[in-house]
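Read through the structure below, which is laid out as structure tokens, and then see the notes.
The values are calculated or read from the model by the stated rules, or taken from the named source; none is laboratory data. Since the model is a prediction, treat every value here as computed from it, not as a measurement. Cβ atoms come from the backbone with ideal geometry, glycine included; neighbour counts cover every protein chain shown. Quick note on the areas: whole protein, heavy atoms, side chains included, nothing else; ligands and nucleic acids left out. Shrake-Rupley method; radii C 1.70, N 1.55, O 1.52, S 1.80 Å.
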Amino acid sequence: MSALTFAAQDSATMLWREIKHSIRLLRLLIVSAILVPVVMLLLFDYILGGTLGHGLGDVARGAPYIDYLVPGILVMTIAGGCGPTAINVSMDITGGFVDRIRAMAVVRGALLAGHVGVSVLRMLVASAAVTAVALLLGFRPKASVGDWFAVVGIVAAFSFALAWLSAAIGLVTKSVAGANGSTLPLSFLLPFLSSTFVPADSMPVGVRWFAANQPFTPVVDSLRGLLTGAPVGSTPYLALAWCAAIALVGYLWAQAAFRRA
Amino acid sequence: MNAVIKQQTDAAVSATALRKSYGKKVVLDGVDLTIGKGQVFALLGPNGAGKTTIVRILSTLIPAEAGTATVMGYDLRAEAGAVRGVIGVTGQFSSVDDLLTGEENLLLVGRLLHLPASERQARASELLERFELFEAARHTPATYSGGMKRRLDLAMTLMGQPRLIFLDEPTTGLDPRSRQTMWQIIRELVHEGVTILLTTQYLEEADHLADRIAVLDHGRIVAEGTPEELKRRIPGAHIRLRFADSASLAEAARLIPEGTRDDEQLELRVPNERGIRPLRDVVARIGDHVAVEDLSIHTPDLDDVFFAVTGSASKDKSQ
Ligand SMILES: Nc1ncnc2c1ncn2[C@@H]1O[C@H](COP(=O)(O)OP(=O)(O)OP(=O)(O)O)[C@@H](O)[C@H]1O
Ligand SMILES: [Mg+2]
């Protein structure tokens, strides 16, 4: 069998393992990956939505705040998957399982490939579930079929990028608790310091520059534009470029950290 | 001459001058090791002696800083992949996947070994039965006893039918019964012709299982030989007398000159042969002259080995 076949086989085995893990932790995952974003959606829409929607003015183009909000919640949903990914990687690396694998003739990259693969899968499933709930709550996207494909593409690319970055974080943090804490900037801070809930223009000057130029903003803006049927210009390309850059950095960082760990 | 050549070609492990340090701390200070095929070789040493480090180096998990080694005829550095293909490792700490059932753990290893599905299943079932892991098969390790977890760990190692197995402290933390079970399993493996490198802190265990024992201390092998050779070097069983003060100890030492004094512990150790005569003799000679605080009869353990080969006690080398 060729090296490539082994690589594919071992990665598939690790994917199988991670899927088993996810199934065993299903209740926990449903709460953290789907319920939490849904609660955020409800909080922002029902409780803050009146004022926020009013404050949006022209930006909302007459649509209810939920239409503005859902793309942001989607990004939060994806980013929310970072913690579990980093934790899972960290548990493997701090536990004995990785030693067993390293002492076997297993393809080196397979373990991380499995983690990242299932991480992306979880993020996609959670995004679909949150979108479905949003539709029930009155979210009315105006996207064409082509737009929907673009949305799925960006969601997948963003998930892939964050999954590699979280895997790297899980590898370099020395403990499981540390892994969880270190993803908080990704899953919590960056979404708030972007156009997730309100436009970057409305923020204080210092923050505004950061919010306008950090990767979450083009991702949210493209999803929002595509879903609300507004013109998006070149923003999706900028978003994809960011995703490619983050994925590459995350991948290289993770591979280097795995060799050292 | 012939014997030497034969031993070299038949060696399962042959290591020369292995060195390893963490920062300034030298953990392995030039370790030479030869293990013949089909042998059980025990590395005996206290906490921090470097046992795990040797296992990790020989099983390709960490590189040595210096020295060379071949494992089952493959060069450890240049042919690490081939080495991994023929060895099995059960580390000191559990490497069981805690979210998978016992059976799934075995099947996972089977997949990683690229065994065909039917063989995977057959081998897993066989091992579950052999190690009496029926209950573990359908449950995750959260519900296992220590012994069960250890057996599953070893079963995972055996999925690939390795010819050389590393067992890092296979019985530490097990109750006497589970220890007996583990010993039995190890003996069966030996019977099948598997070579085993095991580490242990118990002389008794090495004595029971091993063909050869190497005593490790501070990253150096301080003694090596068959259990018989080694035990001949140990003072063996002795009577231990403890005293309240050094004056009493001195007085007792004068009365029993063949005893060994330990001024730190305020103890006198008198060699003890079989039967109760030596004991009666010692008691008679001490008589009423000296107040003995405590008397115990001692069979050789790791401490004695260390005392014999290094001249100091083994306790707390890790500190
Ligand atoms: N990754 C590491 N970083 C720093 N020091 C280490 C590392 N691994 C081991 N050591 C040190 O190396 C020494 C030998 O450790 P090793 O684990 O090989 O001992 P051991 O004989 O297996 O002990 P034990 O019976 O406690 O398992 C110890 O002093 C330990 O503190
Ligand atoms: Mg150890």
Search result, residues across the range A:156-186 that are under 11 Å from the mean Cα position of the chain (by Cα), among the small types (Gly, Ala, Ser) and open to solvent by 20 Å² or more (accessible area, probe 1.4 Å): A:Ala156, A:Ala157
Given the criteria open to solvent by 10 Å² or more (accessible area, probe 1.4 Å) and either within 16 Å of ligand 2 (Cβ to nearest atom) or assigned by TED's automatic domain parsing to the domain that holds B:Leu203 (or both), does B:Ala49 qualify? no
Give the residues of the range B:154-178 that are surrounded by 21 or more Cβ atoms within 10 Å (Cβ to Cβ) and within 12 Å of ligand 2 (Cβ to nearest atom), sorted by residue number. B:Phe166, B:Leu167, B:Asp168, B:Glu169, B:Pro170
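Taking the condition of being among the hydrophobic types (A, V, I, L, M, F, W, C) and open to solvent by 30 Å² or more (accessible area, probe 1.4 Å), how many residues in the range B:116-127 meet it?
2
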Among the numbered conditions (1) open to solvent by less than 10 Å² (accessible area, probe 1.4 Å); (2) within 22 Å of B:Leu107 (Cβ to Cβ); (3) away from ligand 1 (no atom under 16 Å from the Cβ), tell me where B:Phe134 comes up short. (1)
Is it the case that some residue within the range A:120-141 is of a type in the set (Val, Ile, Thr), open to solvent by 30 Å² or more (accessible area, probe 1.4 Å), more than 14 Å from every other protein chain (Cβ to nearest Cβ) and within 23 Å of A:Arg17 (Cα to Cα)? yes
Run down B:Leu100, B:Leu152 and say which single residue is within 13 Å of another protein chain (Cβ to nearest Cβ), farther than 29 Å from B:Gly219 by Cα and not in a helix (DSSP H, G or I). B:Leu100
Suppose we keep only residues that are within 16 Å of ligand 2 (Cβ to nearest atom) and in contact (Cβ under 8 Å) with a residue 60 or more places away in the chain within the range B:52-79. Which one would you say is nearest to B:Gln201 (Cα to Cα)? B:Thr52
Every residue from the range A:204-247 that is open to solvent by 50 Å² or more (accessible area, probe 1.4 Å) and touching a residue at least 24 places away in the same chain (Cβ under 8 Å): A:Asp221, A:Leu240, A:Trp242, A:Ala244
Looking at the range B:223-249, I want the residues that are over 24 Å from B:Gly30 (Cα atoms) and have a partner that is open to solvent by 70 Å² or more (accessible area, probe 1.4 Å) and among the hydroxyl-bearing types (Ser, Thr, Tyr) with Cβ atoms under 7 Å, at least 6 apart or on another chain. Which pairs are those? B:Ala237/B:Thr299
Residues (away from chain B (no Cβ under 14 Å) and among the β-branched types (Val, Ile, Thr)) located in the range A:61-88: A:Ile66, A:Val70, A:Ile73, A:Val75, A:Thr77, A:Ile78, A:Thr85
Does B:Leu115 satisfy the condition of being touching a residue at least 12 places away in the same chain (Cβ under 8 Å), in the same structural domain as B:Leu154 (by TED's automatic domain parsing) and farther than 30 Å from B:Glu228 by Cβ? yes
Checking A:Gly229 against (1) at negative phi; (2) touching a Lys or Arg at 6+ places or on another chain (Cβ under 7 Å), the condition it does not meet: (1)
Mind listing whichever residues of the range B:53-66 are open to solvent by 40 Å² or more (accessible area, probe 1.4 Å) and either part of a loop (DSSP other than H, G, I, E, B) or within 7 Å of ligand 1 (Cβ to nearest atom) (or both)? B:Pro63, B:Glu65
